[in-house]
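The values are calculated or read from the model by the stated rules, or taken from the named source; none is laboratory data. Quantities reported herein were computed from a predicted structural model and do not represent experimental measurements. A quick note on method: Cβ atoms are made from the backbone with ideal geometry, for glycine too, and the neighbour counts reach across all protein chains shown.
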Amino acid sequence: MRQTDIAIVGAGPAGLMAAIQAAEMGAQVLLLERANELGGQLIKQTHKFFGSREEYAGERGFEIAHKLMDQLVQLSNVTVWKNATALGYYPDGVLSVKQGNSFCLVKPKKLIVATGASEKTLAFPNNDLPGIYGAGAVQTLMNVYGVKPADRVLMVGAGNIGVIVAYQLLQAGVEVAAIIEAAPKIGAYWVHASKIQRCGVPILTGHTIKKAYGTDRLSGVTVCRLDEKWNQIPGTEQDFAVDGLCLAVGLSPLTELLWQAGCKMEFVPELGGYVPWRNADLLTTHHNIYVAGDVAGVEEASAAMVEGKLAGLAAAFALRYQSENFAALYHEAKSQLNALRSAPVSAKVCNGLCKVMLGEAV
Ligand SMILES: Cc1cc2nc3c(=O)[nH]c(=O)nc-3n(C[C@H](O)[C@H](O)[C@H](O)COP(=O)(O)OP(=O)(O)OC[C@H]3O[C@@H](n4cnc5c(N)ncnc54)[C@H](O)[C@@H]3O)c2cc1C
């Protein structure tokens, strides 16, 4: 049984920041990551980030991951286990972990869950044909493994992810036939949407997929228009001959460990699905479990990093670790989070957060 002060599950921007902050306070930290690289979503993000300068706006996602890792390796009280999947958290406070082919048990005094989110999909005939991917999978293939996923792709979803990944497909030499979007409006920031349209890619709002077709792999997709009640309008069908279909239709928080631990959960559509109740320090209804990042509500890497900072600080403080600049760091993180969420685009997230916020923080 491995003992540690704080175990952190997930080494995306939230988990990395939590580890750095808790370790700088003096806590012994064990950081668990199921992939063989640290950085979470950041390692496949080749575009320059938006957001605020404090959270590395203007830098590329993978460069941000490298910066966080450079900070982490300076800290001798952080142990990192890669290829280590946290499988379960039990009533006696034990976390079971599978690393490679071996299983081990960890008993942390505090646990920070920073597992991120998984991609949503859509139900339509033949949605299991090879050639149909989630946008994150396409990013991984192209930007991590250097594999071109298809020659001609139709993108579904005109939010930031759909539009950014469509642009990255063009950069990789893939033709993007169109982006379709069920909503009547484009959800992505205009800077991204304008850029892709200038490249000649049409964005068709009020459209959905009717079916995909092909024998042993995707050869085309039929789309159609939607009326104002989101019903398909017969006679508006249009065919696209494509060998790739990319779904960028949202993310769901990866909350299994929290359910198992008995944290109080709530379905909050504005945050992507079921999320845990938490206080302003990211402490859930379980007295030893904190959350940070997309698992607490799908947002952006910038918010994930600041939540990681707060959770790391709060968990270490709860174990009576102190640093002379604790109060300054704590208040700085809170005001960074407020600043990030004060933009009009964050109104939806703020509405969602109100539904799961408990009182009482540090
Ligand atoms: C195309 C695209 C573009 C984006 N652009 C921006 C942008 O410009 N600016 C911005 O701020 N944000 C952007 N984002 C959003 C940002 O990437 C996410 O909000 C952010 O990565 C969330 O961080 P996280 O640490 O919560 O989760 P993740 O980055 O998803 O990390 C979670 C980690 O946990 C690990 N994990 C999960 N379960 C387990 C387990 N049981 N055991 C061990 N490890 C586990 C995963 O392998 C992963 O490494 C973009 C996202 C996408 C997809």
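Identify, from the list Tyr290, Tyr321, the residue that is at pLDDT 95 or above, surrounded by 17 or more Cβ atoms within 10 Å (Cβ to Cβ) and closer than 16 Å to Met17 by Cβ. It is Tyr290.
The set of residues in the stretch 208-238 that are at positive phi and either at pLDDT below 95 or outside the structural domain of Ala182 (by TED's automatic domain parsing) (or both) contains only Trp230. Can you work out which of the residues in the stretch 198-211 that are more than 27 Å from the chain's Cα centre (by Cα) and part of a strand (DSSP E or B) is surrounded by the fewest Cβ atoms within 10 Å (Cβ to Cβ)? So the residue we want is Lys211. Checking the stretch 57-77 against the condition returns a match, with at least one residue being more than 29 Å from Thr4 (Cα to Cα) and of a type in the set (Lys, Arg).
All conditions but one from (1) surrounded by fewer than 18 Cβ atoms within 10 Å (Cβ to Cβ); (2) touching a residue at least 12 places away in the same chain (Cβ under 8 Å); (3) more than 12 Å from the ligand (Cβ to nearest atom); (4) not in a strand (DSSP E or B) apply to Gln260; the one that does not is (3). Just one of the listed residues (Gln139, Gln99) is without any contact (Cβ under 8 Å) to a residue 40 or more places away in the chain, surrounded by 14 or more Cβ atoms within 10 Å (Cβ to Cβ) and polar (S, T, N, Q), namely Gln99. Restricting attention to the stretch 276-311, the residues that are over 15 Å from Gly40 (Cβ atoms) and under 13 Å from the mean Cα position of the chain (by Cα) total 1. Of the residues that make up the stretch 326-334, is at least one closer than 13 Å to Glu55 by Cβ, assigned to a helix (DSSP H, G or I) and assigned by TED's automatic domain parsing to the domain that holds Gly58? Yes, the stretch 326-334 contains at least one residue that is closer than 13 Å to Glu55 by Cβ, assigned to a helix (DSSP H, G or I) and assigned by TED's automatic domain parsing to the domain that holds Gly58. Just to be sure before I move on: is Gly116 surrounded by 15 or more Cβ atoms within 10 Å (Cβ to Cβ), modelled with pLDDT of 95 or more and at positive phi in the structure I sent? Against the criterion (surrounded by 15 or more Cβ atoms within 10 Å (Cβ to Cβ), modelled with pLDDT of 95 or more and at positive phi), Gly116 qualifies.
For first residues located in the stretch 32-54 and on the phi > 0 side of the Ramachandran plot, partners that are near the ligand (Cβ under 7 Å from one of its atoms) and lie 6+ apart or on another chain with Cβ distances below 6 Å form the pairs Gly40/Gly12; Gly40/Gly116; Gly51/Ser302. For the stretch 291-325, the tally of residues that are within 16 Å of the ligand (Cβ to nearest atom) and either among the aromatic types (Phe, Trp, Tyr) or in a loop (DSSP other than H, G, I, E, B) (or both) stands at 5.
For the stretch 247-257, give me each residue that is within 11 Å of the ligand (Cβ to nearest atom) and either at pLDDT below 95 or not hydroxyl-bearing (Ser, Thr, Tyr) (or both).
Those that are within 11 Å of the ligand (Cβ to nearest atom) and either at pLDDT below 95 or not hydroxyl-bearing (Ser, Thr, Tyr) (or both): Ala248, Gly250, Leu251, Pro253, Leu254, Glu256, Leu257.
Among the residues of the stretch 174-194, those identified as surrounded by 17 or more Cβ atoms within 10 Å (Cβ to Cβ) and part of a helix (DSSP H, G or I) are His192, Ala193. Has the stretch 343-353 got any residue that is closer than 21 Å to Ile64 by Cβ, of a type outside the set (Gly, Ala, Ser), exposed (fewer than 15 other Cβ atoms within 10 Å of the Cβ) and modelled with pLDDT under 95? Yes, that holds for at least one residue.
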